[in-house]
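Following: one structure in structure tokens, then a few remarks.
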Amino acid sequence: MSVDRVRLFYGGAVAFAVGILFATSWSRAASVAGWVPWALWVGVMLGGVGMIWWRKWRRVESEALHSAPFSFTLIVVCTIFCVLGVGRLWVAEAQFADSEFAALTGSKIKYEGVVIREPDVRERSTHLYIETPDGLLLVLASAYGSFQYGDRVQVSGTLSAPTAFTTDLGRTFNYPGYLKARGVTHLINYANVEVIDQGVGSQIITQLLRVKSSFMNALEEVLPEPQVGLGEGVLLGVKRALGQELESDFRKTGIIHIVVLSGYNVMLVVLFVTYLLGVFLPARWQLPAGLIALASFATI
């Protein structure tokens, strides 16, 4: 990849993030204190852009004239991606604007929906993300229930809104924000869940989750506890396999990030896939095959 393309890529990525930051600050300023904070933020942004523009044109004047067309292209690309960042945040906020759940908070409800993510089995409950006619809902069911991705279920219970809470380490966890990032604004605790159909979800995701289950079963046959739990956590981000005591130790020592799906896990897969692709595939097929492999890993 040429130097100019690298600059365009990173410039677009930074501009996209700046667009999201700008839209976030705009929304908060408008809701908290009217137009004054928003105006200050715009002033800071314009001042920063002006300084960058001034330095850029000073450098252009001292360099060859052929660099000017690229500067114009970079500005156009950054502007487009900044606008896309603003639009992305507005789209994300719009999906919660007309939620039907807000009016039903505190009421006993009954929904029929589909489990659209792999069930998250905890020590005391199973977390199910269920797509309903009114939106995505988090359901906390029995830890001893048998649920799978793609199940069509009937759910009943009291609808509630999530609240922030203090962890065992004394930190305040923004639970509403955590769930909102996953598309959820409301949940049902101690829900009654009845499976009425199976295999409703995507067959591709179903097969990928079967591969994951087979891999975990193979690990459990050859490794004892807690080593197998650590292996599943590092390779697949399966945190529940650690056990409450060991997980607490990982949190206290500040290394819990190695057993959740993070950049560390992804880099392990990237290195492995890159090595395999370099041996078995020609160069032109390595990028698409690598992207497919990473997307599959993120899915499972």
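The values are calculated or read from the model by the stated rules, or taken from the named source; none is laboratory data. Please read all numbers here as calculations on a predicted model, not as lab measurements. Just the protein is used for accessible areas: all its heavy atoms, side chains included, with ligands, DNA and RNA removed. Shrake-Rupley method; radii C 1.70, N 1.55, O 1.52, S 1.80 Å.
Numbers at a glance
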| quantity | calculated |
| --- | --- |
| Rounded accessible area of His127 (nearest 10 Å², 1.4 Å probe) | 20 Å² |
| Whichever aspartates and glutamates have a C-alpha closer than 13 Å to that of Lys212, once near sequence neighbours (fewer than 8 apart) are set aside | Glu118, Glu220, Glu232 |
| Over segment 97-151, equivalent-ellipsoid semi-axes from the Cα gyration tensor in Å | 22, 13, 9 |
| Rg [Å, one decimal], Dmax [Å, integer] - segment 149-293, C-alpha atoms | 19.2, 56 |
| For segment 88-209, diffusion coefficient by Stokes-Einstein and Kirkwood Rh (Cα), 37 °C, 0.692 mPa s, µm²/s | 216 µm²/s |
| Cα-only Debye scattering, segment 118-181: base-10 log of I(q)/I(0) at q = 0.14, 0.25 Å⁻¹ | -0.49, -1.26 |
| Residue-span extension gain [Leu246 to Gln154] - 0.36 nm each, minus C-alpha spacing | 29.6 nm |
